[in-house]
Amino acid sequence: MRLCFLVEEQYRYDGMPVDVIRQLTAWGHRVDVLRPGSSLMRLSETVRAGHHDAWVLKTVSGGPGLTLLEAAAAVGLTTVNDARSIRGVRDKALAAVIAEARGLPVPTTWAAARAEDFAELPASAYPLVVKPADGSSGRAVRLVPDPERLAAPGPEADGSRKPDGMLIAQPYVPNSGIDLKVYCVDGELYATERRSPLHPDQPVRERQVPLAPEVAAIAAEVGAAYGLDLYGVDIVFGPDGPVVVDVNDFPSFRQVPDAVARVAWAILRLAGAGGTGAGAQAGAVPAARPLLAAPARAAGGSA
């Protein structure tokens, strides 16, 4: 097959997708890599030539890569994940609406152009988790204990949010400080523990853990709700049970056994099927097979 990967500068040396590209090449497939925003492109040649079996996106949320992927989809090319599905999770305000409509366990969500606007919320809504609607990788996410702290400078010096970008706010879900990250690769689910970005001092050993049936059902429904085939779901356990706090397309897949080969194979399968995997079938629950996995072994062995 011939594949086109859209990889922005931030992920140029990242194992996901660099190692996946190497694996696909080693298997004899041709992989072209485009770096959105790094050079002049003639769109009629880059997008409309139609030389690729599929386009794959690994870019930051607010970058130009998604626009190029959507352009490829607009002229009938296969994309992984489906370009419309990616837009549905990259815009966290839109993602919240979709989640609520599908009955997923998500916090109440408010949107505003300025953090100070959330001061209109009742005191019972606090503490609030405030983050950019186009954010990713936990950037610029902050816990605001009361309305007086809304105007405090946030961790945005890295340029992860444009000054005029939309913000969302959700009530903080009391939890242990440990997030459960559930990855879906080609219909199979894997659960890992990691430190919450809201609790950076919490000692957590990132590892693969068993996946409870209740959580597996939620993760599978997330794929169906957004139409995703390769994705990750962030879940915290609050007083009332598991709560979905974020969804990512093409995440890192850390601690997934043989992640590189599994992701590479999934891309080939989706490319060969025209991008119509289980998650892309609107309204259908993916045939996800939860794996009750043992904890990750020590460094040096496979997880």
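Averaging over all projection directions, find the projected area of the Cα convex hull of the stretch 166-226 and quote it in nm² with one decimal place.
With the hull built on Cα positions only, its mean projection is 5.7 nm².
Under 5 Å from the amide H of Val245 lie the amide H atoms of Asp234, Ile235, Val236, each residue being 5 or more positions distant or on a separate chain, with H modelled from the backbone and absent for Pro and chain starts.
At full extension, Glu116 and Arg48 could sit 20.0 nm farther apart than now, given 0.36 nm per residue minus the alpha carbon distance. Close amide-amide hydrogen proximity is noted between Gly187 and no other residue 5 or more places distant or on a separate chain, at a cut-off under 5 Å (H modeled in the peptide plane; Pro and chain starts excluded). Within the shell defined by Cβ-Cβ distances under 15 Å, the residues around Ile98 carry a net charge of -1, with Lys and Arg each +1 and Asp and Glu each -1. Sparse packing (at most 15 other Cβ atoms within 10 Å of the Cβ) combined with a DSSP loop state is found for the following trypsin sites (Lys or Arg not before Pro) in the stretch 194-276: Arg205. Solvent-accessible area per residue in the stretch 1-120 equals 50 Å², computed with a 1.4 angstrom probe and all protein chains kept.
The values are calculated or read from the model by the stated rules, or taken from the named source; none is laboratory data. Since the model is a prediction, treat every value here as computed from it, not as a measurement. Don't worry about glycine lacking a Cβ; one is built from the backbone with ideal geometry, like all the others, and counts go over all protein chains shown. Quick note on the areas: whole protein, heavy atoms, side chains included, nothing else; ligands and nucleic acids left out. Shrake-Rupley method; radii C 1.70, N 1.55, O 1.52, S 1.80 Å.
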